[in-house]
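See below for the structure under consideration.
No lab work stands behind these numbers, since they all come straight from the coordinates. Bear in mind the structure is a predicted one, so any value in this text is a computation, not a measurement. Heads up, the Cβs are rebuilt from the backbone with ideal geometry, glycines too, and the neighbour counts pull from every protein chain shown.
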Amino acid sequence: MYGDFMKSFLILASYNSQTWAALVKEPKNRLEVANPIIDNLGGKIVCAYLAFGDYDSVAIVDMPDDVTAAALSMALLASTAFKSVKTTSILSWKDAVEAMKQAKKVLFEIPNEGPLFLKRV
């Protein structure tokens, strides 16, 4: 079901204390649970890691669109296994360079100053 055109997202998640207690009691690779869920939504986990710091889980996933990524984020939070989930759309460097090229064409006006053209540096 994994499609040709997919959007990439960074998912940062923090487990709550009950989830950590359950994982310590019965250690389990959570990717075994996550993979089928994301596959069912038409997506794919590109990579995932356990992290130390503000977030416990860091993953890059490819999803069909923003709505599907939002649905995943909502479902994760609704599960009550997490105290926080942050989903961020990310660009490949190839797409980022294309965005930079388009940004050169942008004209906008600063209030009380008139048009501003982006200048080459």
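Testing the spin-label approximation: label points 7 Å from Cα along Cα→Cβ at Tyr49 and Ser79. State their distance in nm.
The answer from the label model is 2.1 nm.
Quick one: if you stick a label point 7 Å off each Cα along the C-beta vector at Asp65 and Asn16, how many nm between them?
3.2
Each residue of segment 84-90 in turn: what ³J(HN,Hα) in whole Hz from Karplus with 6.51, -1.76, 1.60 and θ = phi - 60°, glycine and Pro shown as x?
Using θ = phi - 60°, the values come out as 7, 9, 10, 10, 10, 5, 10 Hz.
Which ³J(HN,Hα) values in Hz, rounded to whole numbers, follow from the phi angles of segment 58-66 under the Karplus curve 6.51 cos²θ - 1.76 cosθ + 1.60, where θ = phi - 60° and Gly and Pro get x?
Once rounded to whole Hz, the list reads 10, 9, 10, 10, 9, 10, x, 6, 4.
In what sequence do Trp93, Trp20 fall when counting other Cβ within 10 Å, fewest first?
Final ranking by Cβ density, sparse to dense: Trp93, Trp20.
Extending each Cα 7 Å along its Cβ direction at Val58 and Lys105, get the distance between those two points in nm, one decimal.
It is 3.5 nm.
Counting every Cα pair in segment 5-96, what percent are over 19 Å apart?
38
Would you list Met74, Met6, Met63 from fewest to most Cβ contacts within 10 Å?
Met74, Met6, Met63
Return the FRET efficiency for the residue pair Glu98, Lys28: r is the Cβ-Cβ distance, R0 is 35 Å, and the value is rounded to the nearest 0.05.
Approximately 0.30, to the nearest 0.05.
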